[in-house]
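Each remark here refers to the structure printed beneath this line.
The values are calculated or read from the model by the stated rules, or taken from the named source; none is laboratory data. This one's a predicted model, so the numbers in the text were calculated from it and none came from an experiment. Here the Cβ is made from the backbone with ideal geometry for all residues, glycine too, and neighbour counts use every protein chain on show.
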Amino acid sequence: MPGDELMTKAAARVVLDQLSTPLARQVFWRKFVLGYSFQEIASDLPGIKDAKAAENLVFRERRRLQKK
């Protein structure tokens, strides 16, 4: 339903606004909204050297947000 999609994007925006860097926001957007794999993110985004780096960034940001 269209309303569900709007709610999902609104919820994603709330989380994205809490991330520490623009790079983190790009990684989260591509992973959790667009559905990219960590490998696709690493090959597409400057500043992320490999899939493990993208995965580690997500882990660190999640941990930081949980402490809030």
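Tell me which residues, restricted to the range 28-44, are modelled with pLDDT of 95 or more and of a type in the set (A, V, I, L, M).
Ile41, Ala42
Contact list please: Cβ distance under 7 Å, first residue in the range 55-68 and closer than 19 Å to Pro22 by Cβ, second residue part of a helix (DSSP H, G or I) and polar (S, T, N, Q), pairs at least six apart or on different chains.
Between residues of the range 55-68 that are closer than 19 Å to Pro22 by Cβ and residues that are part of a helix (DSSP H, G or I) and polar (S, T, N, Q), the close pairs are Leu65/Gln18.
Identify the single condition in (1) modelled with pLDDT under 85; (2) surrounded by 12 or more Cβ atoms within 10 Å (Cβ to Cβ) that Ala10 does not satisfy, given that it satisfies every other one.
The one condition Ala10 does not meet is (2).
Within the range 13-68, track down each residue that is outside any helix (DSSP H, G or I) and surrounded by 14 or more Cβ atoms within 10 Å (Cβ to Cβ). Break it down stepwise before answering.
Let us first name the residues in the range 13-68 that are outside any helix (DSSP H, G or I), namely 19-21, 34-37, 45-50, 68.
Matches in the range 13-68: Leu19, Tyr36, Leu45, Ile48.
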